[in-house]
Amino acid sequence: MVDVPAASRNIRRCAAFFSGQPAALRPHFKAHKCTTLMRQQLAAGGCAGVACQTSWEALVLARAGFGDILIANQVVDAAALDEVSEAAALARLTVVVDHELQVDLLARAATRHGVPIGALVELDVGAGRCGLPFGDASLVPLAEQITRQEGLSFRGLQAYEGHAVHRHSREVRATLVQQAALQIQHEQARLAAAGFDCEVISGGGTGTYDLAAQAGALTEIQVGSYVLMDGRYGTLDLPFEPALYCVTTVISRRPSRAVLLIPAHVDPAVNLYDRLFAWSGTGFTEWEVDGRRHYRLPGFSR
């Protein structure tokens, strides 16, 4: 269940913050996978476009009419690349890369379907997941490879400080964001020296949205959970309020304790359901979770 007034207040607070910042907001679709809610986020203003995590999410967004979409992830699966191509035919699409093979696959998809695709090179700024490590020698060659490929364009960098967003201490989060910003600026300078301009430098998250915007390295901030919030982000000193609840049943009770279900992480919680029940204060409407992919096994029906 979504508390619509609370979600609306979260949307307005975030939009108001970014209205006075050099960095733009790029709300992340993966948090709720609901185009109805995403339209409300974009309508509040201050947005550079929409971020998502998978090719399917990008295709859902493109079919729904969203015009600027970033897949904040690498794509290598053949079926997923077909979805990327279809989305790129409907919207301005940018995809993240961190290896030459990904660039080749993306270029083949672009030329096979005759669609333009932008590319960001991802940096690992401390999360230890995807992205080039600091000072990696392949940064400039990757940018050069992208510009040589028909159908591809080099747009800039992605640098997500995922290791910082859930740290309880704001001072620790600020320190990690500043460290990431210095790394980003160093790598941006390496690209500039080689003749490459970074139109887009994308990163950040709900736990670091203001710190990342003010650190000066990013042009846009990928904030997702802020609109509904969850149990984990609710422990931080953020100006957003809970707007997502489970209508559930007590499964165990003691004199001073009852056991229920609380959404601790908004992304997988919403992904369990086909729709959200949006409570306006006087009644419910249903919002489809249309970015959720439905899998069907042979011989089985839903």
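Tabulated data for the structure shown
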read-out: Top-ranked residue of region 83-110 - restricted to ones that are open to solvent by 70 Å² or more (accessible area, probe 1.4 Å) and not in a loop (DSSP other than H, G, I, E, B), ranked as nearest to residue 124 (Cα to Cα); value: 100
read-out: Among the residues listed as 140, 125, 97, 76, the single one being farther than 21 Å from residue 198 by Cβ and of a type in the set (A, V, I, L, M, F, W, C); value: 76
read-out: Residues of region 144-160 satisfying the condition of being in a loop (DSSP other than H, G, I, E, B) and charged (D, E, K, R); value: 150
read-out: Residue match in region 161-179 (condition: surrounded by fewer than 14 Cβ atoms within 10 Å (Cβ to Cβ) and in a helix (DSSP H, G or I)); value: yes
read-out: Residue list for region 102-123, restricted to those being farther than 28 Å from residue 185 by Cβ and not polar (S, T, N, Q); value: 104, 105, 107, 108, 109, 110, 112, 113, 114, 115, 116
read-out: Some residue of region 198-205 being open to solvent by 40 Å² or more (accessible area, probe 1.4 Å) and not in a strand (DSSP E or B); value: yes
read-out: Matching entry among 146, 221 (being of a type in the set (Val, Ile, Thr), within 26 Å of residue 37 (Cβ to Cβ) and touching a residue at least 12 places away in the same chain (Cβ under 8 Å)); value: 221
read-out: Among residues of region 67-81, those that are among the acidic types (Asp, Glu) and over 14 Å from residue 293 (Cβ atoms), counted; value: 1
read-out: Filtered residues of region 251-276 (kept if assigned to a strand (DSSP E or B), surrounded by 12 or more Cβ atoms within 10 Å (Cβ to Cβ) and either polar (S, T, N, Q) or in contact (Cβ under 8 Å) with a residue 60 or more places away in the chain (or both)); value: 276
read-out: Every pair of residues 6+ apart whose Cβ atoms lie under 9 Å, when the first sits in region 228-250 and is assigned to a loop (DSSP other than H, G, I, E, B) while the second is open to solvent by less than 70 Å² (accessible area, probe 1.4 Å) and among the basic types (Lys, Arg); value: 236/173
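For every residue, the table says whether it meets (1) modelled with pLDDT under 95; (2) out of contact with any Pro (no Cβ under 7 Å at 6 or more places or on another chain); (3) within 21 Å of residue 45 (Cβ to Cβ).
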{"site": "216", "(1), (2), (3)": "no, yes, no"}
{"site": "229", "(1), (2), (3)": "no, no, yes"}
{"site": "243", "(1), (2), (3)": "no, yes, yes"}
{"site": "250", "(1), (2), (3)": "yes, yes, no"}
{"site": "296", "(1), (2), (3)": "yes, yes, no"}
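The values are calculated or read from the model by the stated rules, or taken from the named source; none is laboratory data. Since this is a predicted model, take the numbers as computed values, not measurements. Neighbour counts run over all protein chains shown; Cβ positions are idealised from the backbone, glycine included. Note: areas computed on protein heavy atoms with side chains; ligands, DNA, RNA excluded. Shrake-Rupley method; radii C 1.70, N 1.55, O 1.52, S 1.80 Å.
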